[in-house]
Amino acid sequence: MIRKIVVATDSFKGSLSAPEACRIITSQARRVFPQAEIVLLPISDGGEGLVEVVFNALGGEQRIVQTKDPLGRDISAEYLQLADKSALIGMAEAGGLTLLEPGEYDPLRASTFGVGLMILDAIKSGADPIYIGLGGSATVDGGAGAATALGMHFLDDKGNQVMNGGGLQVIQSLDLCKLCELNYSGRLVFLTDVTNPLCGPNGAAEVFGPQKGATPEQAALLDHGLRNLAKKIEREIGLNLKEIPGMGAAGGFALPFVAFMGAEIRSGIDFVLDLLRFDDKLAGSDLVITGEGRTDAQSVMGKAISAVARRSRTAGVRVAVISGALGEGAEKMLDLGVDDLVQAAPPGQSLEDALAHAAENLANAAGKYLLLELKRNKMSS
């Protein structure tokens with residue numbers, strides 16, 4: 001008999017936040033298994049919803065910063081300062097696609113400068129370490145915008161500062177004097193489960209540029225710019241950073257920080273699961289339910305639900321994935337230890353209708369799955 005269920009979903013992008021999705025599934029679990037302990041644990045792989053997920057679980061101080069969006073417009077953004085004086089920043093808060101209308105997507109113009117202002121505020125507040133979740137970005141600027149906010153200046157042949165993707169190819173020199181004046185000796189840790197290198201066919205521009213509005217010609221231009229930026233940086237430090245796994249995340253965001261501030265790149269979902277003490281909460285569970293907006297071949301490659309599946313399998317706990325949609329390659333999740341794959345959207349429903357009825361679809365799918373699980377339990381007992 002099922003005595004304990006862990007509900008740990010990521011956000012259903014474009015429709016439901018991770019806490020909303022978890023609450024919907026939990027409501028169905030309590031209806032079908034009223035005697036069971038239900039553990040509600042919204043998750044994030046370091047992208048969308050990172051700060052909300054950690055704040056809801058651990059609390060902390062939400063700090064509001066006056067900053068800029070990817071196109072330089074004034075906005076307010078928040079990050080989290082935890083009790084141990086570490087800070088957690090979701091780069092999408094000031095550098096994300098969700099801040100733009102679809103017609104505004106332009107990775108040649110978009111800049112991470114606003115995210116840099118958030119990092120600067122965390123530094124000045126005494127935070128150490130500072131964790132930056134990379135995900136959902138609108139940018140392919142190699143971190144030049146954010147680095148500029150911290151005093152790393154990338155200059156063209158006329159001494160003008162370059163702060164966006166479209167200018168990377170004309171960078172001729174670097175000026176790090178202001179960074180030295182900042183004198184930050186703490187740790188910067190970038191969180192991502194993307195393993196793409198900075199450049200090339202699997203790099204930041206070619207793979208992710210089109211999602212941010214880049215045409216094939218613009219993606220090639222951005223890739224050329226990232227190569228130029230990396231070349232100028234490598235000339236300063238004598239190290240090749242282009243092939244480091246994860247360097248292509250969020251348009252190459254981490255590059256100047258790894259080069260000049262000793263920043264690290266870590267798995268976002270493993271960081272979050274450890275922070276939320278997932279393994280402890282998994283103990284004694286009979287079923288884990290996870291999910292996301294769309295599960296496909298990419299989900300196996302380091303996405304949040306793959307880490308949940310991996311850890312659950314290690315603990316010998318059954319795993320069900322209930323996602324908005326199941327795309328090509330979703331069946332590969334079965335190789336990670338997932339026992340059941342469920343699509344919430346009814347067959348044939350349009351994407352527009354699926355997003356509009358996401359909550360209803362998820363409730364219906366979860367309810368039906370859990371009733372089948374109840375029947376299966378009765379038959380086996």
Can you spot a residue in the range 322-334 that is of a type in the set (Ser, Thr, Tyr) and either in a helix (DSSP H, G or I) or free of Cβ contacts under 8 Å to residues at least 24 places away in the same chain (or both)?
no
Of the residues ILE244, ILE265, which is surrounded by fewer than 20 Cβ atoms within 10 Å (Cβ to Cβ), at pLDDT 90 or above and in contact with a Pro (Cβ under 9 Å, 6 or more places away or on another chain)?
ILE244
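Residue under question is GLY337, and the condition is that it be without any contact (Cβ under 8 Å) to a residue 60 or more places away in the chain, of a type outside the set (Val, Ile, Thr) and on the phi > 0 side of the Ramachandran plot; does it hold?
Numbers: without any contact (Cβ under 8 Å) to a residue 60 or more places away in the chain: yes; of a type outside the set (Val, Ile, Thr): yes; on the phi > 0 side of the Ramachandran plot: yes.
Yes; evaluated as a whole, the condition is true for this residue.
Here's the yes/no breakdown for (1) under 25 Å from LEU275 (Cα atoms); (2) under 15 Å from the mean Cα position of the chain (by Cα):
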site: GLY95; (1), (2): yes, yes
site: ASP121; (1), (2): yes, no
site: GLY126; (1), (2): yes, no
site: ILE132; (1), (2): yes, yes
site: VAL140; (1), (2): no, no
site: ALA146; (1), (2): no, no
site: LEU155; (1), (2): no, no
Residue count for the range 9-31, restricted to those that are within 17 Å of VAL342 (Cα to Cα), touching a residue at least 60 places away in the same chain (Cβ under 8 Å) and more than 16 Å from the chain's Cα centre (by Cα):
5
Within the range 40-56, can you find the residues that are in a helix (DSSP H, G or I) and of a type in the set (S, T, N, Q)?
ASN56
Can you name the strands (runs of 3 or more DSSP E) wholly within the range 148-221 that have at least 2 residues being touching a residue at least 40 places away in the same chain (Cβ under 8 Å)?
173-175, 188-191
Taking the range 57-92 and keeping only residues that are surrounded by fewer than 17 Cβ atoms within 10 Å (Cβ to Cβ) and part of a helix (DSSP H, G or I), one is left with LEU58
Could you please let me know if GLU264 is within 13 Å of the chain's Cα centre (by Cα) and either within 16 Å of GLY46 (Cα to Cα) or of a type in the set (Gly, Ala, Ser) (or both)?
no
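The values are calculated or read from the model by the stated rules, or taken from the named source; none is laboratory data. Only a predicted model underlies this, so the values are computations on that prediction, with no experimental measurement involved. Quick reminder, even Gly has a Cβ in these numbers, built from the backbone with ideal geometry, and neighbours come from all protein chains shown.
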